[in-house]
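Read the figures in this text as sums done on the coordinates, not as results from a lab. All values reported here derive from a predicted model rather than from experimental measurement. A quick note on method: Cβ atoms are made from the backbone with ideal geometry, for glycine too, and the neighbour counts reach across all protein chains shown.
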Amino acid sequence: MVKSVESSVRLGNNGSAVSVESVADILERQLKPLIQGWLTRVNNEPDLVHIPLTNDDRTGHLPHLINDIIGRLRLDAETKAPISKAAANHGDLRRKQGYNVAMMVEESRLLQVSIFTTLHENATHLEFSGLLPDVVTIADEVDAQLKEQMLRFMAADASEKANGD
C-alpha cells in the first residue's frame, strides 16, 4: 500500500510562503543534481576512478536505485519492500567492469552521503514530521540494495571459480 501525500505550505524565515515536500518528493525533484553530486564525490575517490568509465557508465544505474528508494519511501510502513532488481543488475555490471567489493561499498556509502546532502540542501522544503523515519528507511533501503549487489557479485564470482574461468 502507498502512503498518501499531502503538500502544504509554511512560513519561511523571511515570512514568505515555502512549499513543504516529503523526502520522496524532494529526491524525485532533485534526481539530476543528486546524481551529479554523487558523481563529483566518486570522481574524487582515486580507488573508484582508476576503473575508466564514462559518466553514463558510472551513473547509469543510479536513477533506478534512487527510484527504488523513492518507491520504498512511499510505501506504508507495514508493507514489505520488494528486492531491488536494479541493485542485482548493478552488482553484475560492476563485477564485469572490474570493481571489487570495497569499491561497491564505497559507492553505496557515497550514495547515502549524496542523498542526505540533498535533503540538507532542501531543508527549508522538508516535511520534518516524517524525516527521521524516512532517513531510517533510506539507510535500510541503500543497505538492502548493497546486500543484493553483493549477493549477485559473489554468486558470479563463485560460478566463475566453479567453472575454472
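What the table below lists for this structure:
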item	result
Under the span-like rule (Cα at least 27 Å along the axis, Kyte-Doolittle mean at least -0.5), DSSP H helices of the chain	101-121, 131-162
Fewest-first sequence of Arg94, Arg109 by Cβ atoms within 10 Å of each Cβ	Arg109, Arg94
For Glu21, distant residues with modelled amide H under 5 Å away	Leu126, Glu127
GNM top mover of Ser19, Ser114, Ser84 - the chain, alpha-carbon springs below 10 Å	Ser19
Long-range lysine pairs (8 or more apart or interchain), the chain, Cα under 29 Å	15
Evaluated at q = 0.11 Å⁻¹: base-10 log I(q)/I(0), Debye formula over Cα of region 8-162	-0.47
Rg/Rh for region 83-146, where both radii come from Cα atoms and Rh is the Kirkwood radius	1.07
Residue order, fewest to most surrounding Cβ atoms within 10 angstrom, among Phe116, Phe153	Phe116, Phe153
Mean Cα-pair separation over length for region 8-162, i.e. relative contact order, pairs under 8 Å, 6 or more apart, %	35 percent
Least to most buried among Lys80, Lys147, Lys85 (fewest other Cβ within 10 Å first)	Lys80, Lys85, Lys147
Hull volume in cubic angstrom per residue (convex hull over the Cα atoms of region 113-162)	62 Å³
Max mean-square fluctuation residue, GNM over the chain, Cα-Cα springs under 10 Å, options Ile83, Ile51, Ile66	Ile51
Amide hydrogen neighbours beyond the local backbone of Leu75, cut-off 5 Å, H modeled	Lys3
Within a Gaussian network of the chain (alpha carbon springs, distance under 10 Å), most fluctuating of Thr124, Thr54, Thr137	Thr54
Helix-only CD estimate at 222 nm, as mean residue ellipticity for the chain, using -39500 (n - 2.57) per DSSP H run (n ≥ 4)	-20500 deg cm²/dmol
